[in-house]
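Structure, as C-alpha cells:
The values are calculated or read from the model by the stated rules, or taken from the named source; none is laboratory data. Only a predicted model underlies this, so the values are computations on that prediction, with no experimental measurement involved. Note: ideal-geometry Cβ built from the backbone for every residue, glycine included; neighbour counts use all protein chains shown. All accessible areas refer to the heavy atoms of the entire protein, side chains included, with ligands and DNA or RNA removed. Shrake-Rupley method; radii C 1.70, N 1.55, O 1.52, S 1.80 Å.
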Amino acid sequence: MSMKVSHNWLQCYFEKPLPTAEKLAELFTFGAFEVEGIEKVLDAQGKLTDTVIDVKVLPDRAHYALCHRGASGEVSALAGLARKPLNRQPFAETSTRKVEVKNLESKLCARYVTRYVENITVGKTPDWPRFWLEAIGQRSINTVVDATNTVMFDMGQPLHAFDADKVKGPITIRLAKANEKMTTLDGSAGAGKEIELSPEMLVIADDAGVLAVAGVKGGSRAAVTSETKNLILEAACFDPVSVRKTSTKIGIRNESSRRFENEITPHLAADAMYWLTALILEQSKSAKVGPVTDIHGELPELVKMEVSVEQINAMFGVAIPTGIVVDLLNRLELNAVISGGAKGVKGDTFTLTIPYERLDLRIPADIAEEVGRLYGYDKIPYTAPAKRPLATANKTFYYCEKIKNVLIAQGFSEVYGYALAAKGDFEVAKSLAADKGKLRTNLADGMAKSLEMNVRNADLLGLETVAIFEIGTVFSAAAETTSLGLAAQMVKKVKGKKSEDVLNNALEAIAGGLSITLPAAKVQVAATGGALLELNLTSLITTLPAPASYTDLGFTRAIDTKYKPFSAYPFITRDIALFVPAGTDEAAVRTAIADLLKKIAGNLVVKGPDCFDRFEKDGKLSLAYRMIFQSYEKTLSDEEVNAHMTALHEAVKANGWTVR
C-alpha cells in the first residue's frame, strides 16, 4: 500500500531539523519500507515548498504506519531523533447537546465515538493544512472535510462528519436491509453514484435511512456543504473483514477502507476525536462543542511482553549487548525495563510495554525483527549453509521435461494457455472476466485458439507448418490431472502430407523417447482446418519408472540472450514476382530487392524478401518474393504499403527486370 509522506508534515513532530528527504528515503529503505519515489513540490513560481516520499507499507506495518505519526516514529527510531511531545491543549465543552447512538452490531463496530458541534462556519481551509494535503495528492474541499482528512493522514484514524441538521433521529449502527440503496458522496462533497446494499454490509443510519457505508463511504444526504451550521463528528473502529468484503463488493476502495481493512486499534478513536475537534475549533472560532458519546465494549489492554537478550540474539544470529538492545527498543517507545540478570549478560530479561497501535508486535520473534532492522541486517556475518543431499528427482517434472525435449526436436513450439476458461466444473469466486470464470477441463479448447492465432501470423513468423504443444493442469470434477496438448496445421500445402501426420510423427517420437507404447489418441479437426489431440500424462507417467536424476535432460545455464519486443500493430503481406534473365543468381536478386526496400520503406519491412516460388519459362527465370510490412508506431494503411510497392516496381525495372 502506498503512503505519501510529506517532509514538512514530518518536521512538525521534531524540534531538531530532519535529514533531507533523500536521507530519510535511504533510512526507510534499509530499515522499514520500500521507497517508490521522491517528489519535489513546487509553488507557482517554481520554488521548492516541500518534498514527498512515496513509501510502500506492507500489511504487517499498516496498523500504525499509514500515517505521518507512524512514519515519524520510524524516523525517530531509525535516525535516533527524539520526537517532541504532542501539544494537547484542553478545550471547554460549550454545548450540552449530545448525540444519541444505538450500536446494534457491537462485533462489527468495536467503538463509536461521536460529538455534536454547533455554530460552525464552513469555508476555505487555511494554508498550512491545505498545503500539507495537496502535497500528498489530496484535493482541498472545505474546512470540515479537510480537517477529517488531515487527522486521518496524521494519525491513521479515518473520520467522518455529517451535517447534523440533515440527520433524522439517533445514529444507528446496523446491517443494511435487503435492496437498501444509498447515493455516495463524490470528491466535492456532492452527489455521487447510487449503490445497492446487501444485508451483510454494516451501515451508519438514522430514522430516514442509510447515512454512510461503515468505514467505506459517506452518503450524499447528510453531506457537509458551505451551508452547514451544525456537525455530528464520527470516529469509529470497524471490523477489518467486514470493511474489506463490503468495499470489494460495492467496488469502492479508498484511504478510509484501506486503513480499516488492515485493522487499527479502537484506542485511536477517542484521540482522533480530540484532534478533529481541536482543528475545527481552530478554524471556526464561534463553534460550540458538545460532550463526547463513546460507545464501546471492553477495550484491549496494553500488551506486556517479556523477552530476553538470549532469545533475540538466537533469532538474529548476532550477539548484541543488552544496553544496545534496550536502547533500540526504547527508540520504538516499547518502554523496555530490565527485569532480571546483570547488565551485559546474555541472559538479561526485560519487560516491554507494547503501544496500542503496534498490533504487529505479539511474540518474541516480532521483537527480534525490530531489533534486527534497527541494528542493521548488514551486520549479520555471512555463513554458508550446510551442504545437503540433492533432492530426489520429481517424476512428473522429469517426464514432462523429457517430452518437451522430444517435441522441440520435432520442430514444435511450447505455448502457455489460461487455466481459467468459460466452461468448467469449478467456478472461480472472483472471476477476472466473463470468459475466465471457471477452471479449464481440457487443453484442447485453448490449443485451438492458440493454433488459430499462430496460423494467422505464420507469414510474420516465417512458418510453413505451425506445430505447437502445451503441458498443463486441467481440473475435472473427478480429479486434477496433467495433460499434453498437441496442435498442428500445414500453412503451405505439401502433396501427400496432412496436419494429422505432423501429430502422428510427434507421438511416435514421444513413444520412442520414452521407450513405451502410447495409448490411442483421438485426433480432432480444428476450426482452422488443422489437427489437435490431447493425452492424459498423469495416468501415463504412473506407468513409467522413477528417474534417478535430471542429468539426461540436458539442462544448461541460462545465456545472455537479448530479446526485443514485437510490434502491437497489425502487419501487411505483399508479394512481388519478377522475370529475370536465365542464369541470374537468386541470392543476388534477393539482396538487390532488400537494399531497394531499405531505401524506400526504411525499417517497415520486418521480414523478407523471402523467395517462395521459382521456375524457368521461355529462357527467363521467374522469381517470387514475399515481404512483411509492419510499424512499431502505428497501424499501416494499404495505401502506404501500396505506395512503397509501386516505388519498388519502378526501381527493379531499372535493373532490366520485368514485374509480372
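Counting only residues that are assigned to a strand (DSSP E or B), farther than 30 Å from A65 by Cβ and either of a type in the set (A, V, I, L, M) or open to solvent by less than 10 Å² (accessible area, probe 1.4 Å) (or both), region 164-194 holds 4 of them. Of everything listed in (1) of a type outside the set (S, T, N, Q); (2) over 27 Å from N457 (Cβ atoms); (3) in contact with a Leu (Cβ under 6 Å, 6 or more places away or on another chain), the single unmet condition for I628 is (2).
The number of residues in region 414-434 being part of a loop (DSSP other than H, G, I, E, B) and within 23 Å of I468 (Cα to Cα) comes to 7.
Of all residues in region 119-134, those that are more than 16 Å from S286 (Cβ to Cβ) have Cβ atoms under 6 Å from Cβ atoms of residues that are part of a helix (DSSP H, G or I) and β-branched (V, I, T), 6 or more apart or on another chain, in T125/T143; P129/T150. Checked against (1) open to solvent by less than 30 Å² (accessible area, probe 1.4 Å); (2) outside any loop (DSSP other than H, G, I, E, B), D552 passes all but a single condition, namely (1). Here K634 does not fit the description of being of a type in the set (K, R), open to solvent by 40 Å² or more (accessible area, probe 1.4 Å) and either assigned to a helix (DSSP H, G or I) or in contact with a Pro (Cβ under 8 Å, 6 or more places away or on another chain) (or both). Of all residues in region 280-299, exactly one satisfies the criterion of being over 26 Å from Q89 (Cα atoms) and touching a residue at least 24 places away in the same chain (Cβ under 8 Å), namely G297. When the helices (runs of 4 or more DSSP H) confined to region 1-99 are screened for residues that are touching a Phe, Trp or Tyr at 6+ places or on another chain (Cβ under 6 Å), those reaching at least 2 such residues are found at 68-79. Could you tell me whether region 437-444 includes any residue that is modelled with pLDDT under 95, assigned to a helix (DSSP H, G or I) and surrounded by 18 or more Cβ atoms within 10 Å (Cβ to Cβ)? The answer is yes, given that some residue of region 437-444 is modelled with pLDDT under 95, assigned to a helix (DSSP H, G or I) and surrounded by 18 or more Cβ atoms within 10 Å (Cβ to Cβ). Here L486 passes the criteria (1) open to solvent by 10 Å² or more (accessible area, probe 1.4 Å); (2) at pLDDT 90 or above except the one numbered (1). Remark: pairs (first residue in region 533-549, open to solvent by less than 80 Å² (accessible area, probe 1.4 Å); second residue part of a loop (DSSP other than H, G, I, E, B) and among the basic types (K, R); Cβ separation under 9 Å; 6+ apart in sequence or on different chains) = L533/K522; E534/K522. Quick check: is even one residue across region 47-64 without any contact (Cβ under 8 Å) to a residue 24 or more places away in the chain and either among the hydroxyl-bearing types (S, T, Y) or out of contact with any helix residue (DSSP H, G or I) (no Cβ under 9 Å at 6 or more places or on another chain) (or both)? Yes - at least one qualifying residue is present in region 47-64.
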